[in-house]
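One structure below.
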Amino acid sequence: MKEELFPAIRLTLVCIVLFCVAYPLFVLGIAKLAPAKGEGETIQRNGKTVGYAREGQSFTSDNYFQGRPSAAGYNAASSAGSNKGPSDPDYLKTVSARINSFLVHNPGIEKKDIPSELVTASGSGLDPDISAAAALVQVPRIAKARNIDAAKLESLIRSNTNSSVLNGIEKVNVLLLNLALDQIKSK
C-alpha cells in the first residue's frame, strides 16, 4: 500500500505547486508585459474610467448607438454564449423580442434590414464591436433623438471604423463611437 500511496501524494503535491502556483504566476508575468500591464484596456474621460475597450456594454437610450446583445448580461465574470440554437423556441422568442424592440425604437427600418448582430448575442456575450452597417442602420434614430445631421453621424461612423486584418470586415467599437458621439454638437 505504501508503494502506491506515497507516490500519489508526491504527484498531488507536485501538481498543486505546478498548476496552482507556478502556472498562474507565469501567466501573470506574461500579462504584466502586455501594454495595459494585465489590467485591461480602460477608457478614461476626465480622469474617470468610463468603460473597457474590449468589453461590450449596454446602451439602451435612443441617444446612443447600441451594440450586440449579451447572453451574459454584459458581466465579464460570467462571459458565455447562450448555447441555444435556432431551433430552440426560447431562443426564437428572445430574438423575436429583440427584433420587435429594435423596430419600435427605429421606425422606418424594415425587419429585413436589421443586421443580425443587433439581435443575436456573440459567443462570449461581450463583443464590443458591431459592423459599420449595424451602426449606419441606427443613424436615423440617433439623428432625430439628438437633432444632429445624419451626414455628420455617418462621417463619425466612418472615422471610427476599423478593418480587421484577418478577414477585412469593417467594425466599430460601440463605446468609442458613443464617446465620440457625445463630443458632437447638435444642429
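The values are calculated or read from the model by the stated rules, or taken from the named source; none is laboratory data. What you see is a predicted model; the values in this text were computed from it and never measured. Neighbour counts run over all protein chains shown; Cβ positions are idealised from the backbone, glycine included.
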Inset, instruction - Read through the list (1) in the same structural domain as Leu156 (by TED's automatic domain parsing); (2) farther than 24 Å from Val139 by Cα, then give the number of the only condition that Asp62 fails. - result: (2)
Inset, instruction - Would you check which residues across the stretch 165-184 are under 26 Å from Arg45 (Cβ atoms) and free of Cβ contacts under 8 Å to residues at least 40 places away in the same chain and list them? - result: Glu170, Ala180, Asp182, Gln183, Ile184
Inset, instruction - Within the stretch 40-86, track down each residue that is among the hydroxyl-bearing types (Ser, Thr, Tyr), more than 14 Å from Asp182 (Cβ to Cβ) and in contact with a helix residue (DSSP H, G or I) (Cβ under 7 Å, 6 or more places away or on another chain). - result: Ser82
Legend entry - For Val21: the one exception among (1) over 21 Å from the mean Cα position of the chain (by Cα); (2) surrounded by 12 or more Cβ atoms within 10 Å (Cβ to Cβ): (2)
Legend entry - Residue list for the stretch 40-56, filter: among the basic types (Lys, Arg) and assigned to a strand (DSSP E or B): Arg45, Lys48
Inset, instruction - Check Lys185 against each of (1) in a helix (DSSP H, G or I); (2) surrounded by fewer than 13 Cβ atoms within 10 Å (Cβ to Cβ); (3) among the charged types (D, E, K, R) and name the one condition it does not meet. - result: (1)
